[in-house]
1. Looking only at region 329-375, how many residues end up being within 30 Å of R457 (Cα to Cα) and among the polar types (S, T, N, Q)?
2. Kindly indicate whether any position in region 263-276 is more than 19 Å from the chain's Cα centre (by Cα) and either of a type in the set (F, W, Y) or surrounded by fewer than 22 Cβ atoms within 10 Å (Cβ to Cβ) (or both).
3. Can you tell me which residue within region 13-32, out of those that are of a type outside the set (A, V, I, L, M, F, W, C) and closer than 19 Å to G373 by Cβ, is surrounded by the most Cβ atoms within 10 Å (Cβ to Cβ)?
4. Can you spot a residue in region 541-552 that is of a type in the set (F, W, Y), in the same structural domain as M411 (by TED's automatic domain parsing), over 19 Å from the mean Cα position of the chain (by Cα) and under 23 Å from T312 (Cα atoms)?
5. Given the options R247, R222, name the one that is at pLDDT 95 or above and over 13 Å from L77 (Cβ atoms).
6. Name every residue in region 45-57 that is crowded, with 16+ Cβ neighbours inside 10 Å, touching a residue at least 24 places away in the same chain (Cβ under 8 Å) and out of contact with any Leu (no Cβ under 6 Å at 6 or more places or on another chain), in order of residue number.
7. Name the residue that is surrounded by the fewest Cβ atoms within 10 Å (Cβ to Cβ), counting only residues in region 197-222 that are among the small types (G, A, S) and outside any helix (DSSP H, G or I).
8. Do you know which residues across region 468-499 are in contact (Cβ under 8 Å) with a residue 24 or more places away in the chain and polar (S, T, N, Q)?
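The values are calculated or read from the model by the stated rules, or taken from the named source; none is laboratory data. Values in this document were obtained by computation on a predicted structure and should not be read as measured data. Cβ placement follows ideal geometry from the backbone for every residue including glycine, while neighbour counts extend to all protein chains displayed.
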Amino acid sequence: MEDNSMVDLEAIVARQAEKQQLSLGSYQHAYGARLKAWSGEEIGRRLWQKDGTVWVVDPAEAASAGDLTDRLGWLTLPAVMPNELENLQAFSREMRNAGFSQVVLLGMGGSSLAPEVFMRTFGNRPGYPPVTVLDSTHPVSIQRVLQSIDVAKTLFIVSSKSGGTIETLSFYKFFFEAVKDKRDDPGLNFVAITDPGSALEKLAGEKNFRRVFSAPPEVGGRYSALTYFGMVPAALIGVDVKTILERASIMAHACSSGVPADKNPGLMLGAAMGELALAGRDKITFLASPGISSFGAWVEQLIAESTGKKGTGILPVVDTTPGPPDAYSRDRFFIYLRLAGDENDTLDQMVNSLEKKGHPVVRIHLDEKPDMGAEFFRWEMATAAAGAVLGINPFDQPDVEAAKIKARELMDAYRKNGVLPSDEPVLTDQAMQLYGGTGSGSSTAAGHLADFLKQKREGDFVAIMAYISSSPQSDELLDEMRIFLRDRLHIATTVGYGPRFLHSTGQLHKGGRNNGLFIQITHTPESDCAIPGEPYSFGTLIAAQALGDYQALQERKRRLIRFHLGSDLVAGLERLRDIIEGEV
């Protein structure tokens, strides 16, 4: 994006400035001072030149920091990815001509979130197959996908940057076996997206995968929406990838090194995010027009995993029913993504009310859905810039591995003994099982919950971590719980399905401030399914992941409570909701 000869940079900057409006109230001075300092320090130029001292002041430390300057390849994606358009379009045609009527993407975190956004935002064009994203190890989720497809006519995308993600490889083993029962050459139903030289690339060669897409190693997973990880699924469902990349290129030019900090939309937004977080407004709450509401799932990972470390961080709050201004405390910062022509009147009024109440607000206008391409780049730039304000490396994830290590230890114990270690040594006096019925079990649960929530302090949040299968019913019940807690306690609340959120907000949970109240929900699956070639099932895997996450949080002395709901999931969630509403 350094060559601006082919574009009218001044006009681009002016137009993007119109589309992003910051109303920061009393925080305007700190924000302005940050931008002035950045102009003097030439932060924009240094960021584009991949100068690690933007984030780590000591040059020696910056030069040696892993995942820092070698993770800035996302800066040039809008310039280089258009070269892949013909390749992407040809592959999409080839898959339709091969008779694939459905696509299932097997991935986690950065490998799955952008494809999910594309599918939920644009849908599949007529004549193009839909994409189903599988990012849950819950047996019911696995079986639900299997029952919804014709495996012989399904293309499976095995998507993992590292090539060793346990969830993704377990998905692959399950569905490869299913395809093998239907055809002699099962590998032709599979493609891989991974870094060069990964174990997945080797596996794809051994199993005769139809195609391997090599992702750029210098782009981290959560910054990879505009790489093959996002663009291959988008092309398969018929998204206008050319326009997506054009809009990303426009934003990249608006954020280029020659643009002053106080006119650069990415740096402006990043300065606001960082300064507001330092001032205690560290809960960035997203409101979006219905047509683009799915964007929150992607930006949640980007912000939480990039900033939540070294005892600091910005908590993204997404995918929730908005509340009245009085429901929000003074730790909030609101982002309003507004799509022209969508159903915006109610949201417009709500955002205006929030601003009048004294909350800082940023309004971002999208003319049409393909402007999503610009948003991917804007938020990547802004998040990187916010990391500079907070003094952290926004490209590493030092605490993500903690729960994985614990889960691996538990799985090793299972391989040795045939059972997972008992919960009893792990659970504290705050954590217990919620059994069926309305007897003493429910009463005890209510008492534990009431005592647990009394620990709330100013600036805290509640995270509901549900190691259950996602469904419209569970979505609704979990949302009821979070809304009740938000309105009654005036506290930010988030909901995440496990193990999916481990690749997203899990980093902030363990590496950010100790200001979370964590409610873990588990249950016994109604049915289970084996993982071919492994001595354990998906049910065992998700149980180990939940327990490993619990242990990792407990080691970091996080405030934590756990409810096990038994096998009747909906009934258990209803009881838990009733207990929350009765005791809070």
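1. Counting residues in region 329-375 that are within 30 Å of R457 (Cα to Cα) and among the polar types (S, T, N, Q) gives 3.
2. Yes.
3. Looking at residues that are of a type outside the set (A, V, I, L, M, F, W, C) and closer than 19 Å to G373 by Cβ, I get Q16.
4. Among the residues of region 541-552, at least one is of a type in the set (F, W, Y), in the same structural domain as M411 (by TED's automatic domain parsing), over 19 Å from the mean Cα position of the chain (by Cα) and under 23 Å from T312 (Cα atoms), which makes the answer yes.
5. Within the list R247, R222, the selection yields R222.
6. Those that are crowded, with 16+ Cβ neighbours inside 10 Å, touching a residue at least 24 places away in the same chain (Cβ under 8 Å) and out of contact with any Leu (no Cβ under 6 Å at 6 or more places or on another chain): L47, W48, W55, V56.
7. Taking the candidates together, the pick is G197.
8. Scanning region 468-499 gives S469, S470, Q473, S474, T493, T494.
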